[in-house]
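Written out below as structure tokens is the structure these notes cover.
Values quoted throughout were computed directly from the atomic coordinates according to the rules given, and no laboratory measurement underlies them. All values reported here derive from a predicted model rather than from experimental measurement. A quick note on method: Cβ atoms are made from the backbone with ideal geometry, for glycine too, and the neighbour counts reach across all protein chains shown.
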Amino acid sequence: MSPARRLGVVLTIVAALLGIVAIGVGPGDLDVSKILGAIGRGLVGRDDPSDLGDALVWWLRVPRVLVVLLVGAALAGGGAVTQGLFRNPLADPSVLGISLGAAFVAVLGLLMGLDRAGIWVTPVLAATGAALALAILLALASRTSDTTTLLLAGVALGATCGAATTCVLALAGDRYDLGIRVMRWLMGSFEGRSWGHFIGAAIPIGLGLVLAMSQARDLDALALGDDVAASLGASPRRVGRRAVTSVALLVGGATAVAGVLGFLGLVVPHVVRWRLGGAHRSLIPISALGGAVILLAVDTWTRVATEALPPGVITSLLGAPAFLWILLAQARPRSQ
Amino acid sequence: MIRVTDCALGVPRGHGTRWLVQGLAVDIDAGARVAVIGPSGAGKTTLLRALAGLVAPTKGTITLDDRPMIDWDPRLRARRIAWLPQRAEPWSDVIAEDIVALGRTPHLGALARPSDADRAATRDALARVAVEDLATRKWSTLSGGERQRVMIARMLASDARILLLDEPTSALDVGHAMRVMQCCDALATAGTAIVFATHELELARRWADRVICIGETTAVGPTEQMLVPERMSALFGVQARWGRSMIFE
């Protein structure tokens, strides 16, 4: 068994075990047999809505756990693709302002009431925002190969999108409830996520992951430069378009359902690349699994320790030092 | 295979064009062994890039199997032509075997897993340039020569019938350089066309049937007619004469 497959199996088992723990955490006397029984009944459509255990497990906690897993997978997988696209380990959807671009367009849609048209509207708007932010960054990246310039441009873009979001919220100051809801959402939260949220996120994130995997080999070719990629039949322009679309679907889908969660897409691919090398065929799925496990661990811990802190705050608190560590490691010359 | 007709390659300079290659006409057929020589900056790399379909000629045409290079689907073209750049560094620390396996990219669909044949081609390429023991090593741990051999293995893994090599032995010791050129020679005997750019005239004299000289003018001909002191003196701007091999003074 290859190291990537071995790690994949381990992460899948950890995700399943952690999932059961996460479902058991909180009010209600739920042991493993009750949890598995409720999931089994839910899967075959025989759950009993009048039973508190079934309702807790199947209608409240399972969808939340699945949404957390999906979002973690989307952000870490999206991070791996973004880094491959920019050929830079510091390129992360939250660092480069892509998540905030997604959030801005989604908030704009929420305040205009567009979300009332259907559950698909917010993910589409968020994906559009992410794609626009990525397009701006790609245009800048084509003019300079300097990492610092690109990162500063990303920071500036993120600041602009953040300020624009605040501006929109301020202009809608009379709608206090909506403002509070949006602010909580922006901090990254999984409170009250339902099966509807899961389905709304699963479609763009599933499509994004498939599209990302279809570009894995071409992203590997791109790692050797545009000319080598083109000589291998992987047109850099085409790879760029598809990679942007996949990141937009992943980050847009994740941001739409959970708000802005920082740094997951930076740290997880970086650690996986360090363990397994940079081949995207294993990097993308293993990062996705790793991101899912870490976010589920963070969300479960916040539920146990304090409901007041949303998981987005914790990922940022953990991710910011990791970002600095990678930045400093980058500054050191590689051994020959 | 590749037909170059009245080809000119230029790069923008100010408001005009700096011509690198002019009036080149050459057929590169199965089994061809062609060396490209000339001073630094003369246009050897640009010519190889044009032959690989990465840049269109400024004038004239380059065709592959009687179709203009530009009309080829990039993936189908990549199955026929493999290109080794002078230098290519992955931005992340990729494992050597994963780089060699990239040679199979043109043969694989977007979501396809490598078949047994793809894995066999990768292993065979690793063996041809004696880098099997480097297969699981990360790029950052390889020396310059080892990296060059890994990149050559990547090119060989493609099973392309036309190989374009830009200074393939520049980072190699004599032994590995000899093995790489012997490998190319064996492939040429089996029908693969080999075009290599080099600064080493001895390499061109020993391994090429024809030589393309790029300098003030562009010329192509059999090796023994091209590698003569008069032409080399004009090409490199120094006096040349034959000794046991060619000696520059």
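Find, to one decimal place in angstroms, the Kirkwood hydrodynamic radius of the stretch B:154-215, where the mean of 1/r is taken over every pair of different Cα atoms and then inverted.
Working: mean 1/r = 0.0823 Å⁻¹.
It is 12.2 Å.
Sort B:183, B:7 so the one with the fewest other Cβ atoms within 10 Å of its own Cβ comes first.
Details: B:183 18, B:7 22.
Ascending Cβ contact count within 10 Å gives the list B:183, B:7.
Provide the percentage of antiparallel DSSP beta bridges, counting only those with both residues in the stretch B:71-202; round to the nearest 5. If you can, show how the numbers build up before the last one.
Values: 1 of 10 bridges.
Roughly 10 percent of the DSSP beta bridges within the stretch B:71-202 come out antiparallel.
With a 10 Å Cβ neighbour count serving as the proxy for reagent exposure, in which order, fewest first, do B:200, B:89, B:97 appear? Don't jump to the answer; show the numbers that get you there.
Details: B:200 16, B:89 11, B:97 21.
By the 10 Å Cβ count, ascending: B:89, B:200, B:97.
If you add up the charges near residue B:215, with Lys and Arg at +1 and Asp and Glu at -1, over every other residue whose beta carbon is less than 15 angstrom from its beta carbon, what do you get?
Values: positive: B:18, B:44, B:231; negative: B:216, B:230.
Summing Lys/Arg as +1 and Asp/Glu as -1 gives +1.
Give the long-range amide H neighbours of residue B:20: residues separated by 5 or more places, or on another chain, with amide H under 5 Å away, using H modelled in the peptide plane at 1.01 Å from N.
B:9, B:10, B:11
Volume per residue, Å³, of the convex hull around the alpha-carbon atoms of the stretch B:121-182? Could you put the intermediate results ahead of the total?
Details: hull volume 5.0 nm³, N = 62.
About 81 Å³ per residue, rounded to a whole number.
In the stretch B:176-249, which trypsin sites (Lys or Arg not before Pro) are in a loop and have at most 16 other Cβ atoms within 10 Å, using DSSP for the loop call? Walk me through the numbers on the way to the answer.
Values: sites: B:179, B:205, B:206, B:210, B:231, B:241, B:244; in loops: B:244.
Taking the stretch B:176-249 and a limit of 16 other Cβ atoms within 10 Å, the loop trypsin sites (Lys or Arg not before Pro) found are B:244.
Per residue of the protein assembly as shown, what 222 nm ellipticity follows from adding -39500 (n - 2.57) for every DSSP H run with n ≥ 4, rounded to the nearest 500?
Values: 23 runs with 328 residues, N = 585.
The per-residue figure over the protein assembly as shown is -18000 deg cm²/dmol.
Compute the helix-to-body angle for B:116-128: its Cα long axis versus the longest principal axis of chain B, expressed 0 to 90° and rounded to tens.
Computed tilt is about 50 degrees.
Nearest 10 degrees is fine. How inclined is helix B:144-156 to the longest principal axis of chain B, computing both from alpha carbons?
Result, in degrees: 80.
Quick one, could you list the DSSP H helices from chain A stretching 24 Å or more along their long axis (Cα atoms) with average Kyte-Doolittle hydropathy of 1.6 or above? Could the numbers behind the result be given before it?
Values: long enough: A:3-24 (32 Å, 1.83); A:62-86 (36 Å, 1.68); A:121-141 (30 Å, 2.22); A:147-171 (36 Å, 1.66); A:195-214 (28 Å, 1.56); A:236-258 (32 Å, 0.63); A:280-305 (36 Å, 1.02); A:311-331 (30 Å, 1.54).
Membrane-span-like by this criterion, though nothing is claimed about a membrane: A:3-24, A:62-86, A:121-141, A:147-171.
When you have a sec, figure out the Kirkwood radius of the protein assembly as shown from all distinct Cα pair distances and drop it here in Å to one decimal? Kindly include the intermediate steps, with their values, before the conclusion.
Numbers: mean 1/r = 0.0378 Å⁻¹.
After inverting the pairwise mean of 1/r, the radius is 26.4 Å.
Going by average Cβ density within 10 Å per residue, which order do the peptides B:66-77, A:289-300, B:161-172, B:134-145 take, highest to lowest? Intermediate values should be presented prior to the final figure.
Working: B:66-77: 14.4, A:289-300: 25.8, B:161-172: 21.7, B:134-145: 16.0.
Per-residue Cβ counts within 10 Å, averaged per peptide and sorted highest first, yield A:289-300, B:161-172, B:134-145, B:66-77.
Where Rh is the Kirkwood radius over the Cα pairs of chain B, the temperature 25 °C and the viscosity 0.890 mPa s, what D in µm²/s does Stokes-Einstein return?
Values: Rh = 18.8 Å.
Once the numbers are plugged in, D ends up at 130 µm²/s.
With Cβ to Cβ distances under 12 Å as the rule, what net charge do the other residues near residue B:184 carry (K, R +1; D, E -1)? Let's see the in-between values first.
Working: positive: B:33, B:128, B:179, B:206; negative: B:185.
Charge balance near residue B:184 sits at +3.
Between the stretch A:26-44 and the stretch B:50-70, what is the separation of their alpha carbon centroids in Å?
Measuring centre to centre over Cα atoms gives 65 Å.
Taking the alpha carbon gyration tensor of the stretch A:147-262, what are the square roots of 5 times its eigenvalues, largest first, to the nearest whole Å? Write out the running numbers ahead of the final one.
Values: eigenvalues 234, 80, 17 Å².
Value: 34, 20, 9 Å, ordered largest first.
Using the Kirkwood formula over every pair of different C-alpha atoms, what hydrodynamic radius in Å results for the stretch A:85-239? Mind dumping the intermediate values first?
Details: mean 1/r = 0.0580 Å⁻¹.
Every distinct Cα pair counted, the radius reaches 17.2 Å.
If each residue's Cβ is checked for other Cβ atoms within 10 Å, how do A:99, A:194, A:282 rank with the fewest at the top?
Values: A:99 33, A:194 13, A:282 23.
Ranking A:99, A:194, A:282 by Cβ neighbours within 10 Å, fewest first, gives A:194, A:282, A:99.
With a sphere of radius 13 Å drawn around the Cβ of residue B:161, what net charge do the other residues whose Cβ falls strictly inside it have (Lys, Arg +1; Asp, Glu -1)?
On the way: positive: B:77, B:79, B:80; negative: B:29, B:65, B:159.
Every neighbour counted, the sum reads 0.
Please list, in chain and number order, the residues 5+ apart from residue B:60 or on another chain whose amide H is under 5 Å from its amide H, with Hs placed from the backbone.
Placed amide hydrogens put B:8 under 5 Å from residue B:60.
Where does helix B:174-189 land angle-wise versus the long Cα axis of chain B, in degrees 0 to 90, nearest 10?
90
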